[in-house]
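Colleague: Before I ask anything, let me first share the structure, which is written out below as structure tokens.
Readers should treat all values here as calculations from the given coordinates under stated rules, not as data from a laboratory. For clarity, every value in this text was computed on a predicted model and none was experimentally measured. Positions of Cβ are generated from backbone atoms using ideal geometry, with glycine treated the same way; all protein chains shown enter the neighbour counts.
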Amino acid sequence: MTARLIVDLDAFAANLSLVRERIAPAHHMLVVKDDAYGHGLLPIVRRAHAEGVRWFGAFDTGTGRAVRDVLGPDARIFVWMLESQADLAAAVDADLDVGVGNALLLEDFAALGTRPEGALRPRVHLKVDTGLHRNGIRPEEWPDAVARAAELERAGVLGVEGVWSHIAEASDAEDDAARALFLHARETLAAAGLRPGYAHLAASAAGFTRPEFREDLVRIGAFAYGIAPAGGPDAEALGIVPIASLRAHVIGTDGTHAHVGVGSLDGIPSPLGGMLSVRTPAGVRRVVTVRPDRLIVEGWDGMTAGDEVVVLGAGGLHSATELAERIATIGEEIAVRISPRIERIYPGAPVG
Ligand SMILES: *Cc1c(COP(=O)(O)O)cnc(C)c1O
């Protein structure tokens, strides 16, 4: 009897279609970093592609290459975390779109040289830092970076396909200020003769609620997986549905409590002991303690080893976001912590 994460791909497809309607005519870039937010990369990517998604936000080159391997040429795959020159070369070989958030990276493209006759030209998306100060070309460095990118484009080293940024989505005022910087950066590009086909700046929250942030592409992860923002509107209000359900079995009892076989080492944060309830065959019961390998749960009459308990998500009491709010984090963090040792199961999905 082991814990498993049941992932409902039909529910996922319903979220994708809601996202598509909401952001049209902008396109959805499905963000699949961290093993598709813990839901399992390949089944998620296959189903999204079958549902018409053609842009994937993979974060790192390894993930990007894995997506390319399953989908073949009919997908645009965006990566923005490059570790080394070798990583960059691998991204170009796999025909990934590369986010450039550091002007030095342009020199790595230059070092790759002009592509051989017939080879695809590397596609870059220049990222301007609009206030998050993580990764992104600072506004004061932007004009020089743009000039260098234009030069490399003319030399046939790369093509500037996109301009992008990432915003906090914490307050409208901050996001508006970030957007003003973004629009200004785009004008600088245009003045340098660069008119990339894709502008993108919003993720789930701004993409849903602020039409002027949608541009050509909206990079959405959380809402596609049914994960609502912490402290914001809940899933129901947004119209999205949770797609995963974490289930485990009773592995033993001690007379008063049922011991359920999933614990903090599987990704249930231990501070949630006493703050969380689960659905048992006898109804709702409180989790008294989260141990490394098990939950200690208030018992019920007739509890026996093998009884199934819904711990989290669809069919349970709490969404990932609700748990997250109790320990002051975000739902994504709960989702991606579910241990890779826990098997992901996709009822009804084609095998293979
Ligand atoms: C994770 C991420 C997203 C997706 O954010 P959600 O809130 O999950 O939709 C978009 N863009 C970048 C750069 C990211 O890292």
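Colleague: Å³ per residue of the Cα convex hull, for region 159-231?
Modeller: Considering the Cα atoms of region 159-231, their hull volume per residue is 82 Å³.
Colleague: Rounded to whole Å, give me the distance from the Cα center of region 114-143 to that of region 19-81.
Modeller: Using only Cα atoms to place each centre, the spacing works out to 20 Å.
Colleague: Now, a different point. Taking K and R as +1 and D and E as -1, what net charge do the other residues with C-beta under 12 Å from the C-beta of Leu246 add up to?
Modeller: Net charge around Leu246: +2.
Colleague: Would you work out if the chain is rounded, prolate or oblate? Take a ≥ b ≥ c from the square roots of the eigenvalues of the alpha-carbon gyration tensor; rounded if a/c is under 1.5, else prolate when a/b is larger than b/c, oblate otherwise.
Modeller: Taking the square roots of the gyration eigenvalues as a ≥ b ≥ c, the chain is prolate.
Colleague: What percentages, rounded to whole numbers, describe P(r) for region 109-232 computed over all alpha carbon pairs with 5 Å bin width beginning at zero?
Modeller: Reading upward from the zero bin: 2, 11, 20, 20, 17, 12, 9, 6, 3, 1, 0.
Colleague: Rounded, prolate or oblate: pick one for region 221-340, where a ≥ b ≥ c are the square roots of the eigenvalues of its C-alpha gyration tensor, a/c under 1.5 means rounded, and failing that, prolate if a/b is larger than b/c, else oblate.
Modeller: It comes out prolate by the Cα gyration axes.
Colleague: Take each of the peptides 314-320, 45-51, average the number of other beta-carbon atoms within 10 Å over its residues, and list them starting from the highest.
Modeller: Ranked by mean Cβ neighbours within 10 Å, highest first: 314-320, 45-51.
Colleague: Using a Gaussian network model of the chain with C-alpha springs under 10 Å, which one of Glu117, Glu187, Glu151 is most mobile by mean-square fluctuation?
Modeller: The residue that fluctuates most here is Glu117.
Colleague: Taking a ≥ b ≥ c as the square roots of the eigenvalues of the Cα gyration tensor of region 217-273, is the shape rounded (a/c under 1.5), prolate (a/b larger than b/c) or oblate?
Modeller: In terms of gyration-tensor shape, prolate.
Colleague: How big is the Rg/Rh ratio for region 32-116, C-alpha atoms only, Rh by Kirkwood, two decimals?
Modeller: Ratio of gyration radius to Kirkwood radius for region 32-116: 1.00.
Colleague: If you don't mind, there's one more thing I want to ask. Please report, largest first and rounded to whole Å, the three semi-axes of the ellipsoid equivalent to region 1-152, where each semi-axis is the square root of five times an eigenvalue of the C-alpha gyration tensor.
Modeller: Listed largest to smallest, the semi-axes of region 1-152 are 31, 18, 15 Å.
Colleague: Taking N as the number of residues in region 271-352, what is its alpha-carbon radius of gyration divided by 2.2 N^0.38 Å?
Modeller: That works out to 1.19 for region 271-352.
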